[in-house]
Amino acid sequence: MAEYPDEGRKRVVIAAVEPTVDGGRFAVKRVVGDRVEVTADIFADGHESVGARLLWRKSGEKEWSSAPMAHRDNDRWAGELAVDAIGRWEFTVEAWIDRYLGWSRDMEKRIAAGQDLAVQYLVAAELIDRVIDLRKLPKADAAALKEWAATFRDETIPDADKTDRLVSGDLDELMERHPDDRHAYRLEPGYPIWVDRELAGFSAWYEMFPRSTGKRGEHGTFRTAAERFSYVRELGFDIVYLPPIHPIGVSFRKGKNNTLEPGKEDVGSPWAIGGREGGHTAIHPELGTLEDFRWFVKEARKYDLEVALDIAFQASPDHPWVTEHPEWFRKLPDGSIQYAENPPKKYQDIYPIDFDSEDWRGLWDALRDVMLFWAGEKVRVFRVDNPHTKALGFWEWAIAEIRDEYPDVIFLSEAFTRPKVMYHLAKVGFTQSYTYFTWRNSKPEMEEYLRELTSVPVVDFFRPNFWPNTPDILHADLQTGGRGMFMTRLMLASLLSSNYGIYGPAFELLEHLPVREGSEEYLDSEKYQIRRWDLDREESLRWLIARINRIRRANAALQSNRSLRFHRFSNDQITCFSKRTKDFANVILCFVSFDPRHVQAGSTRLDMAELGLDPGERFTVHDLVTGARYDWHGLENYVELNPHVMPGHIFEVQRRKPSDAAGAGDGG
């Protein structure tokens with residue numbers, strides 16, 4: 001036989017709660033200062049009126065904060081909460097049949113119909129008594145409610161006078177504040193929210209190889225790399241990201257351009273981690289010492305930069321783990337250890353970790369301890385190499401372990417793999433994620449992809465980080481598209497996503513030659529050799545990067561992806577999109593051409609409501625790159641883009657005052 005519920009008088013239904021990730025299995029992501037709108041379907045049987053509230057608290061707190069939820073339409077309710085501290089939060093929804101609200105709703109109809117109201121006022125007095133008996137009320141509220149109940153019971157007061165008092169609304173406000181919710185239904189357990197610091201939601205990354213910062217052909221050090229801080233900060237970046245800084249193995253070391261025959265001077269790949277000097281918690285001796293690294297991190301802070309380290313859980317054949325823990329690696333039938341492969345690519349200098357090891361607990365502990373070690377050295381940002389090739393359950397466990405001690409750590413997932421695997425890594429805790437941005441090279445592809453990333457539920461757990469290039473990836477568009485394509489990809493990455501990064505100085509210096517036709521590998525790749533960069537080359541895009549990063553910092557609309565909307569444009573080579581703050585105080589409208597060689601032009605078909613404008617309104621667009629201003633009118637406006645000058649516009653939309661004179665022109 002079916003069992004009775006714990007309380008059959010909890011007659012309210014709560015369903016379709018948002019935002020949630022997999023029904024609450026994983027946390028929704030937000031940053032400090034965000035306001036989180038919660039919606040739910042809430043209803044009861046019959047024609048009963050319903051009351052609802054939103055409850056929330058930070059992990060570890062016993063008491064709930066609460067706020068009333070408001071009915072929107074079609075039994076959909078909404079409420080809002082604010083998150084003001086890093087860490088885990090939870091929220092839930094509570095609802096009940098509100099008999100007073102139902103009485104008040106029906107009373108309006110009875111009054112309008114001129115019905116006899118004497119009994120109804122006695123009903124109201126009983127409803128008020130229940131509230132007074134239910135909980136301890138503030139003295140003033142208790143006294144006011146008792147007065148209302150006495151008034152309704154007083155037969156000497158005409159019903160018309162009672163009605164006059166009732167329509168004042170004072171009683172409704174009191175009963176809304178103190179509802180009879182003894183049979184409230186609460187969803188349990190609550191739904192999790194993970195709140196990160198602001199850098200998780202808005203950041204600009206600059207990747208550089210410290211070993212390429214030396215003088216006169218020498219191997220660079222942390223000291224010489226720190227001399228690059230003023231340059232990186234001038235460009236407007238928040239994070240300076242270093243490839244692995246650990247000892248590099250000698251066995252099977254790769255030579256220039258990934259050859260199998262290195263010379264004595266070849267420095268090897270930093271991702272071939274481990275040598276006689278140590279493994280993942282050791283520092284390559286030519287870079288410096290641990291004390292030098294501590295100085296480096298401290299020095300970066302002086303420039304408002306954070307240092308991000310690469311976490312690559314793999315080992316060179318010379319890594320201490322290979323001899324100390326051979327059980328952590330996979331052996332082939334001939335007794336050799338399986339090296340890394342991504343056919344047709346072969347990485348003979350790298351051994352992958354075997355997550356099927358019998359000693360998986362010891363392995364997990366060791367890998368976690370690597371991250372704890374560097375977090376203890378004041379590193380709070382990690383870029384994780386190929387996390388999809390490691391046990392997914394390990395990441396969920398390890399990230400939770402790290403956050404228990406360092407809740408402000410940011411993890412960037414470098415997983416170019418199947419979409420559902422990428423999304424799962426984000427769900428289990430990765431703060432930001434690399435994406436398919438590099439391979440979305442047409443307007444339809446890009447717009448379709450961004451709609452996916454900014455739609456529910458993806459937007460609630462997946463934070464994209466767009467990279468036009470990496471040391472591993474030189475896309476064909478950059479190989480052949482020239483300066484115009486570099487500018488295009490920079491604008492798309494930095495404006496479509498609130499988090500983006502570049503691998504420099506290769507990007508700003510327009511490095512575009514592949515090692516061979518059809519390859520995405522750089523010729524003379526910095527992964528395998530020290531490079532010398534002339535940062536002052538005339539063709540450098542450093543000025544544009546700096547300008548765009550300043551624009552991003554100055555405009556709150558560009559610091560989130562949630563408001564991204566695409567607008568119709570008559571030319572398939574030009575994408576048009578906008579971002580805005582919730583109150584429309586800052587509205588940015590962007591145009592970017594996908595054609596790096598030819599002038600492209602067309603007409604807009606703007607969604608004026610998304611810009612906070614009336615359909616036929618006149619307004620001004622201010623180009624934040626060039627400073628030009630154009631007066632526009634309504635939905636349709638002309639835009640022309642020359643990739644040899646600037647392949648895009650970053651417009652601030654400004655409403656015109658009635659007294660404004662005509663502007664500089666009508667075109668873009």
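Test GLU291 against the stated conditions and say whether it is within 23 Å of TYR503 (Cβ to Cβ), more than 30 Å from the chain's Cα centre (by Cα) and open to solvent by 20 Å² or more (accessible area, probe 1.4 Å). Show your work before the answer.
Details: within 23 Å of TYR503 (Cβ to Cβ): no; more than 30 Å from the chain's Cα centre (by Cα): yes; open to solvent by 20 Å² or more (accessible area, probe 1.4 Å): yes.
In short, no.
Could you check PHE202 against (1) open to solvent by 30 Å² or more (accessible area, probe 1.4 Å); (2) farther than 20 Å from TRP467 by Cα; (3) touching a Ser or Thr at 6+ places or on another chain (Cβ under 7 Å) and say which number it fails?
The failed condition is (2).
Quick check on this structure: which one of PHE91, PHE43 is open to solvent by 60 Å² or more (accessible area, probe 1.4 Å), at pLDDT 95 or above and part of a strand (DSSP E or B)? Steps first, answer last, please.
Details: PHE91 fails: open to solvent by 60 Å² or more (accessible area, probe 1.4 Å).
PHE43 is the lone residue from the list that is open to solvent by 60 Å² or more (accessible area, probe 1.4 Å), at pLDDT 95 or above and part of a strand (DSSP E or B).
So in the stretch 264-296, with the set limited to residues that are touching a strand residue (DSSP E or B) at 6+ places or on another chain (Cβ under 7 Å) and in a strand (DSSP E or B), which one is farthest from TRP374 (Cα to Cα)?
Out of the qualifying residues, it is GLY275.
Please specify each residue of the stretch 314-344 satisfying the condition of being open to solvent by 50 Å² or more (accessible area, probe 1.4 Å) and either of a type in the set (Gly, Ala, Ser) or in contact with an Asp or Glu (Cβ under 9 Å, 6 or more places away or on another chain) (or both).
Residues satisfying the conditions are HIS325, GLU327, ARG330, LYS331, GLN338, TYR339.
Working only within the stretch 104-124, note down all residues that are of a type in the set (Gly, Ala, Ser), in a helix (DSSP H, G or I) and farther than 27 Å from GLU7 by Cα. Spell out how you get there, then give the answer.
Pass one, the stretch 104-124, residues of a type in the set (Gly, Ala, Ser): 104, 112-114, 118, 124.
Pick out the ones that are also in a helix (DSSP H, G or I) and you get 104, 112-113, 118, 124.
The answer is ALA112, ALA113, ALA118.
Check whether at least one residue in the stretch 469-477 is part of a loop (DSSP other than H, G, I, E, B), in contact with a helix residue (DSSP H, G or I) (Cβ under 7 Å, 6 or more places away or on another chain), surrounded by fewer than 21 Cβ atoms within 10 Å (Cβ to Cβ) and touching a residue at least 60 places away in the same chain (Cβ under 8 Å), and report yes or no.
no
Among the candidates LEU127, LEU101, LEU145, which residue alone is farther than 30 Å from GLY429 by Cα, open to solvent by 30 Å² or more (accessible area, probe 1.4 Å) and in a helix (DSSP H, G or I)? Quick ask: steps written out before the conclusion?
Details: LEU127 fails: open to solvent by 30 Å² or more (accessible area, probe 1.4 Å); LEU145 fails: open to solvent by 30 Å² or more (accessible area, probe 1.4 Å).
It is LEU101.
Please work out which one of (1) of a type outside the set (A, V, I, L, M, F, W, C); (2) open to solvent by less than 10 Å² (accessible area, probe 1.4 Å); (3) closer than 21 Å to THR438 by Cα is the condition LYS579 fails and give its number.
That leaves (3) as the condition not met.
Could you tell me whether the stretch 399-407 includes any residue that is closer than 21 Å to PHE296 by Cβ and touching a residue at least 60 places away in the same chain (Cβ under 8 Å)? Talk me through it step by step, then tell me what you get.
Here is the first cut: in the stretch 399-407, the ones closer than 21 Å to PHE296 by Cβ are 406.
Checking the rest, the ones that are also touching a residue at least 60 places away in the same chain (Cβ under 8 Å) come to none.
The answer is no; no qualifying residue exists.
Quickly run through the stretch 589-625 and pick out the residues that are part of a strand (DSSP E or B), closer than 25 Å to VAL645 by Cα and open to solvent by 30 Å² or more (accessible area, probe 1.4 Å).
Answer for the stretch 589-625, where residues must be part of a strand (DSSP E or B), closer than 25 Å to VAL645 by Cα and open to solvent by 30 Å² or more (accessible area, probe 1.4 Å): GLN600, ALA601, SER603, ARG605, HIS622.
Has the stretch 105-116 got at least one residue that is under 30 Å from VAL31 (Cα atoms) and without any contact (Cβ under 8 Å) to a residue 40 or more places away in the chain?
no
What do you reckon, is SER357 more than 17 Å from GLU306 (Cα to Cα), of a type in the set (Ser, Thr, Tyr) and within 21 Å of the chain's Cα centre (by Cα)?
Values: more than 17 Å from GLU306 (Cα to Cα): yes; of a type in the set (Ser, Thr, Tyr): yes; within 21 Å of the chain's Cα centre (by Cα): no.
Answer is no for this residue.
Restricting attention to the stretch 175-199, report how many residues are open to solvent by less than 30 Å² (accessible area, probe 1.4 Å) and touching a helix residue (DSSP H, G or I) at 6+ places or on another chain (Cβ under 6 Å).
Final tally of qualifying residues: 2.
When you check PHE373 against the structure, is it touching a residue at least 24 places away in the same chain (Cβ under 8 Å) and either exposed (fewer than 15 other Cβ atoms within 10 Å of the Cβ) or among the polar types (S, T, N, Q) (or both), yes or no? Break it down into steps so the answer makes sense when it comes.
On the way: touching a residue at least 24 places away in the same chain (Cβ under 8 Å): yes; either exposed (fewer than 15 other Cβ atoms within 10 Å of the Cβ) or among the polar types (S, T, N, Q) (or both): yes.
Taking the combined requirement at face value, the residue satisfies it.
What is the residue count in the stretch 499-554 for residues that are among the hydrophobic types (A, V, I, L, M, F, W, C) and either open to solvent by 30 Å² or more (accessible area, probe 1.4 Å) or in a loop (DSSP other than H, G, I, E, B) (or both)? Write out each step before concluding.
As a first pass, look at the stretch 499-554 and keep what is among the hydrophobic types (A, V, I, L, M, F, W, C): 502, 506-507, 509-510, 513, 515, 523, 530, 533, 535, 541, 543-546, 548, 551, 554.
Those left that are additionally either open to solvent by 30 Å² or more (accessible area, probe 1.4 Å) or in a loop (DSSP other than H, G, I, E, B) (or both): 506-507, 509-510, 513, 515, 523, 530, 533, 535, 541, 543, 554.
Summing the residues that are among the hydrophobic types (A, V, I, L, M, F, W, C) and either open to solvent by 30 Å² or more (accessible area, probe 1.4 Å) or in a loop (DSSP other than H, G, I, E, B) (or both) in the stretch 499-554 gives 13.
Among the candidates ARG553, ARG605, ARG531, which residue alone is over 22 Å from PRO468 (Cβ atoms), modelled with pLDDT of 95 or more and of a type outside the set (Phe, Trp, Tyr)? Even if it seems obvious, please write down each step before you answer.
Values: ARG553 fails: over 22 Å from PRO468 (Cβ atoms); ARG531 fails: over 22 Å from PRO468 (Cβ atoms).
Result of the check over ARG553, ARG605, ARG531: ARG605.
Could you say which residue among THR454, THR480 is open to solvent by 10 Å² or more (accessible area, probe 1.4 Å), of a type outside the set (Asp, Glu) and under 18 Å from the mean Cα position of the chain (by Cα)?
THR454
Listed here are the residues, each with its yes/no results for (1) over 23 Å from THR581 (Cα atoms); (2) open to solvent by less than 40 Å² (accessible area, probe 1.4 Å); (3) without any contact (Cβ under 8 Å) to a residue 12 or more places away in the chain; (4) among the aromatic types (Phe, Trp, Tyr).
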residue	(1), (2), (3), (4)
ALA27	yes, yes, no, no
ARG30	no, yes, no, no
GLU37	no, no, no, no
ARG72	no, no, no, no
GLY79	no, yes, no, no
VAL83	no, yes, no, no
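Output the residues belonging to the stretch 148-164 that are open to solvent by 80 Å² or more (accessible area, probe 1.4 Å) and assigned to a helix (DSSP H, G or I). Even if it seems obvious, please write down each step before you answer.
Restricting attention to the stretch 148-164, the residues satisfying the condition of being open to solvent by 80 Å² or more (accessible area, probe 1.4 Å) are 153, 155-156, 164.
Within the stretch 148-164, ARG153, ASP164 qualify.
Here are ALA398, ALA415: which of them is more than 17 Å from SER498 (Cβ to Cβ), touching a Lys or Arg at 6+ places or on another chain (Cβ under 7 Å) and crowded, with 21+ Cβ neighbours inside 10 Å? Full working, then the answer.
Details: ALA415 fails: touching a Lys or Arg at 6+ places or on another chain (Cβ under 7 Å).
Checking each option against the conditions leaves just ALA398.
If SER66 satisfies every condition in (1) assigned to a loop (DSSP other than H, G, I, E, B); (2) in contact with a Lys or Arg (Cβ under 7 Å, 6 or more places away or on another chain); (3) within 30 Å of TRP148 (Cβ to Cβ) but one, which is the exception?
SER66 satisfies every listed condition except (1).
List pairs: first residue in the stretch 257-278 and more than 27 Å from GLU517 (Cα to Cα), second residue open to solvent by 60 Å² or more (accessible area, probe 1.4 Å) and not β-branched (Val, Ile, Thr) anywhere in the structure, Cβ distance under 9 angstrom, at least six positions apart or on different chains.
What qualifies is GLU277/PRO285.
Name the single residue, out of those in the stretch 210-225 being out of contact with any Gly (no Cβ under 8 Å at 6 or more places or on another chain) and under 12 Å from GLY288 (Cα atoms), that is least open to solvent (accessible area, probe 1.4 Å).
Initially, the stretch 210-225 is screened for residues out of contact with any Gly (no Cβ under 8 Å at 6 or more places or on another chain), giving 215-219, 225.
Now drop any that are not under 12 Å from GLY288 (Cα atoms), which leaves 219, 225.
Details: HIS219: 36, ALA225: 0 Å².
Once the filter is applied, the top-ranked residue is ALA225.
Go over the candidates ARG451, ARG383, ARG418 one by one and state the one that is without any contact (Cβ under 8 Å) to a residue 60 or more places away in the chain and of a type in the set (Lys, Arg).
Working: ARG451 fails: without any contact (Cβ under 8 Å) to a residue 60 or more places away in the chain; ARG383 fails: without any contact (Cβ under 8 Å) to a residue 60 or more places away in the chain.
That would be ARG418, the only listed residue that is without any contact (Cβ under 8 Å) to a residue 60 or more places away in the chain and of a type in the set (Lys, Arg).
The values are calculated or read from the model by the stated rules, or taken from the named source; none is laboratory data. On a predicted model such as this, the values are computed, not experimentally measured, just so you know. Counting neighbours? That spans all protein chains shown, and the Cβs are built from the backbone with ideal geometry, glycine included. Surface accessibility is based on the protein's heavy atoms, side chains included, excluding ligands, DNA and RNA. Shrake-Rupley method; radii C 1.70, N 1.55, O 1.52, S 1.80 Å.
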